[in-house]
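Taking it in order: structure first as structure tokens, then the write-up.
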Amino acid sequence: MQSPLTKDFFSLFGLPVAFHLADEELTARYREMQSAVHPDRYANAALQEQRMSIQVAAHINEAYQTLKNPLSRIRYILELKGVDLQDREAAPDPDFLMRQIEWRETMEEIQAAGGPGSRLADLVKEITAYIAELQEKIAGELEDETLLSAALRHYNELQYFYRLLEEARDIGDMVD
Amino acid sequence: MSLMQISEPGEAPRTAEHRRAAGIDLGTTNSLVASVIDEQAVTLGDGQGGQLLPSVVRYLASGSPRVGLTDQQFIHDDPLNTISSVKRFMGRGVEDIRKLADQFPYEFVRAERGMPRIRTVAGDFSPVEVSAEILKALKTRAEQALGGELEGVVITVPAYFDDAQRQATKDAAQLAGLKVLRLLNEPTAAAIAYGLDQGAEGIHAIYDLGGGTFDISILRFSKGVFEVLATAGDSALGGDDIDRVIAEWLLDQAGIGADADQGCLQEIMYHARKAKEALTAQDSFAFSIERPDGALWQGRLERVVFEDLIRPVIKRTLAPCKRVLRDANIDVRDICEVVMVGGSTRIPCVRDMVGAFFHCQPHVDIDPDKVVAIGAAIQADILVGNKPGDDMLLLDVIPLSLGIETMGGLVEKLIPRNTTIPVTRAQKFTTFKDGQTAMVIHVVQGERELVSDNRSLARFELQGIPPMVAGAAHIQVTFQVDADGLLSVSARELSTGVETGIVVKPSYGLSEEEIEHMLRDSLTHASDDVSIRRLREYQVEAERAINVIQVALAENGERLLSREERARIDMALAALQAVQDGDDYLAIKQAMTNLDRATAEFAERRMNASIHDALTGHKVNEFSG
């Protein structure tokens with residue numbers, strides 16, 4: 001029996017390495033595993049088991065968080081496939097540059113206008129839809145060994161759009 | 001969970017005897033202890049019908065301090081020696097306390113290191129020691145009610161307590177001679193009591209406004225799993241602050257200067273509290289107060305004025321409410337219910353404002369004073385091993401981000417807030433000088449970018465790094481936050497594998513030596529003997545270690561160990577049994593360490609097997625089920 005600490009996160013949960021995964025299945029397995037190893041189960045056990053339980057439970061938490069979040073899931077798959085994340089060779093997509101400028105401007109306008117109203121909601125919706133589309137693209141690229149550099153490039157773009165989404169929500173919170 | 005049952009190899013485990021465990025709500029204003037008796041969690045009284053123990057300790061010139069005074073006369077007559085609201089000072093430094101100091105009459109003494117002390121006629125005491133007195137009183141109460149020594153307790157802390165505040169609470173428990181099974185977050189404790197009671201499913205908000213702390217937690221309940229999605233709060237905001245705004249209004253109305261003596265100010269606070277309590281049910285409250293010049297002032301506070309006065313305080317709780325929704329990544333409409341906890345949520349104005357914010361009627365039909373202690377008692381009962389087979393699972397989070405100091409006084413975040421615990425993060429460091437053998441890592445907690453804006457937790461000094469040229473040593477430092485929300489740090493040089501020694505310098509906490517010292521002091525007072533107490537503690541620990549290993553061996557020793565491995569463990573076990581009743585505590589300690597080492601591999605295999613079995617749908621210890 002291999003130690004859970006050395007298994008990759010997907011096989012830890014008994015899932016195939018892929019961007020698309022069944023959320024409910026991941027959560028159900030996560031809970032089953034935590035039920036078996038959580039420190040609360042070992043509060044009265046031998047010291048060795050208490051320590052081990054903290055380590056393993058922490059590892060399972062990390063695995064779950066990594067796989068649950070789409071951004072970190074993509075990053076993790078890229079790492080598993082041996083892609084160098086620091087590789088900045090890939091030229092950014094013209095489409096990416098254009099959208100970036102466009103949305104940034106829209107956001108500045110909304111902020112300057114002081115009232116986000118429906119324009120902000122529309123912007124959030126638009127970015128969210130684009131993120132979903134980009135993730136679909138990446139999901140496919142991750143399946144094809146020859147497209148991994150494209151996957152990395154799109155992953156870098158994706159990070160940018162998630163940040164933008166956060167900023168848009170920040171503006172919303174400030175005005176509320 | 002049958003791990004905790006006691007059984008001999010080869011025979012079916014007999015029903016374990018009921019173990020004495022308790023849940024303790026160590027509150028700013030009041031404290032409570034509860035326990036599960038005959039399947040029912042109940043709060044334990046003082047024998048005279050009282051359940052709440054006021055968190056007040058009065059030190060006397062001679063004799064033991066008196067805990068839980070209900071008569072406010074003492075606070076009035078002897079304000080400097082009657083310590084209340086000590087929870088506000090837990091894990092705080094001199095600087096923090098200076099900010100709070102003008103609200104309290106006590107004389108603070110700066111200690112050689114971080115933690116300040118309060119000067120009383122009986123000597124100088126740290127907040128940890130004062131809290132330990134309250135815990136001792138609760139321990140005595142529980143042991144009388146349960147008819148014997150407690151095997152373990154769960155102590156609740158505000159979810160928003162930082163590492164230093166949690167550690168201070170745990171230190172206080174140690175001083176009081178309590179074995180802490182777990183530090184449990186107060187809103188989570190309330191959720192257990194409430195959720196198990198109601199069989200509720202879905203996403204809930206727990207709004208907990210206590211005497212001196214405020215927490216808001218978002219939890220998802222689902223089939224016995226309590227998952228905290230996010231938590232936020234203010235560990236220096238509570239009912240005390242409501243009392244204070246009323247007291248200020250009173251001083252103003254009665255024409256008493258803030259320079260009045262401490263006894264007078266304490267009395268004003270007392271009247272303020274009475275008014276607050278009365279105005280939850282009445283529309284106005286009449287005062288009759290003797291001014292310092294002897295004249296009598298009479299006045300009246302209308303509920304509308306009262307509400308105007310306290311609204312700004314309550315409003316301060318709404319910013320964390322907003323943030324917690326965002327952190328949990330949910331919309332306010334996703335929340336199916338808001339549960340109100342803490343005495344201050346009795347105030348109708350608080351209920352109205354919270355209800356309006358969450359767009360729903362707050363749930364108030366549980367006693368907001370007792371629900372935390374009840375939840376803690378349920379958890380303690382499970383953790384101590386009284387409910388084998390119970391599959392309740394609690395997944396809690398770290399309330400504030402943990403980071404380390406980097407160049408230019410900036411913080412690099414290692415573990416973001418609202419990460420599920422336990423959690424570990426490894427970070428690599430290198431040396432910047434030839435032959436460098438030590439380095440210091442400064443750990444802070446908080447959300448701000450500058451070190452100086454966050455709370456300093458500790459400086460970890462790594463020692464014994466093998467001397468190499470600059471940049472050649474690679475030190476991997478592992479930060480671990482356990483299920484109590486407490487941080488520990490370990491480090492290893494990667495190329496040589498050398499485990500580096502770590503000296504912890506807590507910024508506001510007590511060192512191991514200080515605790516040892518306090519323990520000795522407190523025992524001298526009680527004319528007890530340190531060495532006897534220590535020996536007894538080791539004997540109890542040895543007994544426990546032997547039991548749990550025997551149970552583990554009975555469960556799956558056959559399946560997971562070779563004959564030789566089994567023989568090695570049996571030998572270590574026999575060696576411990578041989579010394580456990582002797583009077584040499586060092587021999588017991590050594591034998592326990594040996595047993596610990598001998599079982600390391602076995603522990604790991606058991607863990608792997610239990611994960612494997614969980615995933616394949618079998619229980620590790622099927623035969624006992």
Exercise. Any chance you could give the angle, 0 to 90 degrees and rounded to 10, that helix B:371-383 forms with the longest Cα principal axis of chain B?
Key: 10
Self-check item: Label-point separation in nm, B:R536 to B:I502, each point 7 Å along Cα→Cβ
Solution: 3.3
Quiz item: Between B:S495 and B:A356, what length comes free when the chain is fully extended (0.36 nm per residue of separation minus the Cα-Cα distance, one decimal in nm)?
Solution: 44.1 nm
Quiz item: Using alpha-carbon positions, what is the distance between the centroids of the range B:94-163 and the range B:570-616, in Å?
Solution: 35
Quiz item: What percent of all Cα-Cα pairs in the range A:4-68 falls in each 10 Å bin, counting up from 0?
Solution: 22, 51, 21, 6
Self-check item: Amide H contacts of B:V444 (H built 1.01 Å from N, under 5 Å, at least 5 apart or other chain)
Solution: B:G403, B:I404, B:E405, B:L457
Quiz prompt | For the range B:240-309: span of alpha carbons on each principal axis (Å, largest first) | solution = 32, 23, 16
Quiz prompt | Rounded accessible area of A:Y162 (nearest 10 Å², 1.4 Å probe) | solution = 60
Quiz item: Protein chains only, probe 1.4 Å: how do B:H204, B:H359 rank by accessible area, largest first?
Solution: B:H359, B:H204
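Using alpha-carbon pairs under 8 Å, 6+ residues apart, how would you state the relative contact order of chain B in percent?
On the way: 1199 pairs, mean separation 90.2, N = 625.
Relative contact order of chain B: 14 percent.
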Quiz item: Which order do B:K139, B:K413, A:K81 take when ranked by solvent-accessible area (1.4 Å probe, heavy atoms of all protein chains), largest first?
Solution: B:K413, A:K81, B:K139
Quiz item: To the nearest 10 square angstrom, what accessible area does B:S452 show with a 1.4 Å probe?
Solution: 100
Practice problem: Could you check the simple spin-label distance between A:D122 and B:S62, using points 7 Å along Cα→Cβ, in nm with one decimal? | Solution: 8.4
Practice problem: Would you grab the residues whose amide H sits under 5 Å from the one on B:T120? Only those 5+ places off in sequence or on another chain, please, with H modelled 1.01 Å from N. | Solution: B:F125
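Let me know the Kirkwood hydrodynamic radius for the range B:197-270, please, with Cα pairs as the basis and the value in Å to one decimal.
Numbers: mean 1/r = 0.0661 Å⁻¹.
The answer is 15.1 Å.
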Practice problem: Please determine, in degrees from 0 to 90 and to the nearest 10, the orientation of helix B:600-616 with respect to the longest principal axis defined by the Cα atoms of chain B, where the helix direction is its Cα long axis. | Solution: 80
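Dividing the Cα convex hull volume of the range A:28-176 by residue count, how many Å³ per residue is that?
Working: hull volume 24.7 nm³, N = 149.
Hull volume normalised by residue count: 166 Å³.
May I ask you to rank B:E543, A:E141, B:E513, B:E604 by accessible area, largest first, using a 1.4 Å probe over the protein chains only?
Values: B:E543 90, A:E141 20, B:E513 130, B:E604 55 Å².
Ranking B:E543, A:E141, B:E513, B:E604 by accessible area, largest first, yields B:E513, B:E543, B:E604, A:E141.
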Practice problem: Pull up all non-local amide H partners of B:A230: gap of 5 or more, or a different chain, and H-to-H distance under 5 Å with H placed in the peptide plane. | Solution: B:I218
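Given just the C-alpha atoms of the range B:281-322, how large is their convex hull per residue in cubic angstrom? Spell out each step's value before the answer.
Working: hull volume 4.1 nm³, N = 42.
Spread over its residues, the Cα hull of the range B:281-322 gives 98 Å³ apiece.
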Practice problem: Give the percent of DSSP beta bridges with both residues in chain B that are antiparallel, rounded to the nearest 5. | Solution: 80
Exercise. Calculate, in whole percent, how much of the Cα-Cα pair population of the range B:527-615 lies beyond 22 Å.
Key: 34
Quiz item: Where the centre of each part is set by its Cα atoms, how far does the range B:272-321 sit from the range B:358-375, in angstrom?
Solution: 23
Quiz prompt | Span per principal axis, largest first, for the Cα atoms of the range B:398-512 (Å) | solution = 39, 30, 26
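Is the shape of the protein assembly as shown best called rounded, prolate or oblate, per the rule: a/c under 1.5 gives rounded, else a/b larger than b/c gives prolate, else oblate, with a ≥ b ≥ c the square roots of the Cα gyration tensor eigenvalues?
Oblate is the answer for the protein assembly as shown, as a/c is 1.5 or above yet b/c matches or exceeds a/b.
Give me the percent of accessible area attributable to carbon and sulfur for the range B:527-615, probe 1.4 angstrom.
50
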Exercise. Send over a whole-number figure in Å² for the accessible area per residue of the protein assembly as shown, probe 1.4 Å.
Key: 44
Quiz item: What angle, in degrees between 0 and 90 and rounded to the nearest 10, separates the Cα long axis of helix A:70-80 from the longest principal axis of the Cα atoms of chain A?
Solution: 60
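Over the range A:88-175, calculate the relative contact order: mean separation of alpha carbon pairs under 8 Å at least 6 apart, over the residue count, as a percent. Walk me through the numbers on the way to the answer.
On the way: 43 pairs, mean separation 34.4, N = 88.
Worked out over the range A:88-175, it gives 39 percent.
Which value at 222 nm does the protein assembly as shown reach when only helices count, each DSSP H run of 4 or more adding -39,500 (n - 2.57), with the total divided by all residues and rounded to the nearest 500 deg cm²/dmol?
Helix-only estimate at 222 nm: -15000 deg cm²/dmol.
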Exercise. Using θ = phi - 60° and the Karplus relation 6.51 cos²θ - 1.76 cosθ + 1.60, list the HN-Hα couplings for the range B:319-324 in order, rounded to whole Hz, with x at every Gly or Pro.
Key: 4, x, 4, 5, 5, 5
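Pull out the extension gain between B:A286 and B:D259, defined as 0.36 nm times the separation in residues minus the alpha carbon to alpha carbon distance; nm, one decimal. Write out the running numbers ahead of the final one.
Working: separation 27, 0.36 × 27 = 9.72 nm, distance 2.42 nm.
Full extension of this stretch gives 7.3 nm more.
Chains B and A: buried accessible surface, both sides, probe 1.4 Å, rounded to 100 Å²? Display every interim value, and only then the final one.
Values: alone 28880 and 10570 Å², together 35410 Å².
Chain pair B/A: roughly 4000 Å² of buried accessible area.
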Self-check item: Area projected by the alpha carbon convex hull of chain B, averaged over all directions, nm²
Solution: 30.9
Quiz prompt | Solvent-free Debye scattering, log10 I(q)/I(0), computed from the Cα coordinates of the range A:88-175 at q = 0.17, 0.18, 0.21, 0.25 Å⁻¹ | solution = -0.72, -0.78, -0.96, -1.22
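The values are calculated or read from the model by the stated rules, or taken from the named source; none is laboratory data. Small disclaimer: the values here were computed from a predicted structure and weren't measured. So basically every Cβ, Gly included, is an ideal-geometry build from the backbone, and we count neighbours across all protein chains shown. Keep in mind that these areas ignore ligands, DNA and RNA; they rest on the heavy atoms of the full protein, side chains included. Shrake-Rupley method; radii C 1.70, N 1.55, O 1.52, S 1.80 Å.
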